[in-house]
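Colleague: Okay, here's the structure, questions in a sec.
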Amino acid sequence: MGPPGVGKGTYAKGLEERLGIPHISTGDLLRAAVDEGTELGLEVRKILEKGKLVPDDDMMILVSKRIQKEDAQKGFILDGFPRTVPQAEMLDRLFDKLNKKIDYIMDFFLDEAGLIQRLSNRRQCPQCGRIYNLINIKPKNDLLCDDCGIELMQRDDDHSEVIQKRLLVYKDKTQPLIHYYENRKGYLKIEAINVDDVLDEIMELIKQ
Ligand code: AMP
């Protein structure tokens, strides 16, 4: 967990590679629903455009289905979920039912100027989902994905008015989650400065 722009997706992708378990991003699941034009997708589009949160019950159904798929049976990395205290409570209940446990809770932080700089310079490959930053994680060729050669896109919700709204929603709804989790075993607070150093630091902490 962590505010928008802290790099949750980038760290989760790095950990997916290093740990060999799937990265489950609720933002990506929702954007896929929007692209597919499903009934949920049409509703979700309006919510994402405003930088608001999708209702907890809808999120729970989405996550519950995804974590019960075959590829998630040895473990998974949740990115962007839970984002509210009711979601965290529902996740605890679901895990009890499925006999699963949370091994680590990674709470990333960065100052607000750094977050805004990252969000406004973020670009993503529409094909493989790889995330770039025009300041510090630049693509090798102009604005093309290093892996797919496809033109990178800016997310609709990475424009300045929506960014401000998302930061406010984070403070209001998601920050209280820190108190929900901070005394649990496996809680790690991590300053999200440099991607490679941070990933090495996390791997060290996990090994310990
Ligand atoms: P992200 O890609 O994690 O930044 O998520 C993009 C957007 O998807 C958020 O601004 C929310 O509108 C929505 N979203 C993602 N995860 C959740 C969640 N756990 N609960 C509610 N809305 C979510």
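What follows is calculated from the coordinates using simple rules that are stated; it is not laboratory data. Note that the coordinates shown come from a computational prediction; the quantities given were computed from them, not determined experimentally. Here the Cβ positions follow ideal geometry from the backbone for every residue, glycine too, while neighbour counts run over all protein chains shown.
Colleague: What's the number of the condition Ile47 fails, among (1) outside any helix (DSSP H, G or I); (2) within 10 Å of the ligand (Cβ to nearest atom)?
Modeller: It fails just one condition, (1).
Colleague: With the checklist (1) under 13 Å from the mean Cα position of the chain (by Cα); (2) not in a helix (DSSP H, G or I) in hand, flag the one item Ile21 doesn't pass.
Modeller: (1)
Colleague: Now for a different question. Considering each of Leu205, Leu134, Leu188 in turn, give the residue that is touching a strand residue (DSSP E or B) at 6+ places or on another chain (Cβ under 7 Å), farther than 22 Å from Ile77 by Cβ and more than 16 Å from the ligand (Cβ to nearest atom).
Modeller: Leu134 is the lone residue from the list that is touching a strand residue (DSSP E or B) at 6+ places or on another chain (Cβ under 7 Å), farther than 22 Å from Ile77 by Cβ and more than 16 Å from the ligand (Cβ to nearest atom).
Colleague: Considering only region 60-87, state which residues are closer than 17 Å to Tyr181 by Cβ, surrounded by fewer than 19 Cβ atoms within 10 Å (Cβ to Cβ) and either within 9 Å of the ligand (Cβ to nearest atom) or not β-branched (Val, Ile, Thr) (or both).
Modeller: Across region 60-87, the qualifying residue is only Pro86.
To keep it simple, each residue is scored yes or no on (1) under 17 Å from Met106 (Cβ atoms); (2) part of a helix (DSSP H, G or I); (3) aliphatic (A, V, I, L, M).
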residue: Leu53; (1), (2), (3): no, no, yes
residue: Asp58; (1), (2), (3): no, yes, no
residue: Leu62; (1), (2), (3): no, yes, yes
residue: Arg66; (1), (2), (3): no, yes, no
residue: Lys74; (1), (2), (3): no, no, no
residue: Leu78; (1), (2), (3): yes, no, yes
residue: Phe81; (1), (2), (3): yes, no, no
residue: Glu89; (1), (2), (3): no, yes, no
residue: Arg93; (1), (2), (3): no, yes, no
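Colleague: In region 162-185, what count of residues is obtained for those that are outside any loop (DSSP other than H, G, I, E, B), touching a residue at least 24 places away in the same chain (Cβ under 8 Å) and over 18 Å from the mean Cα position of the chain (by Cα)?
Modeller: Residues that pass the stated criteria total 1.
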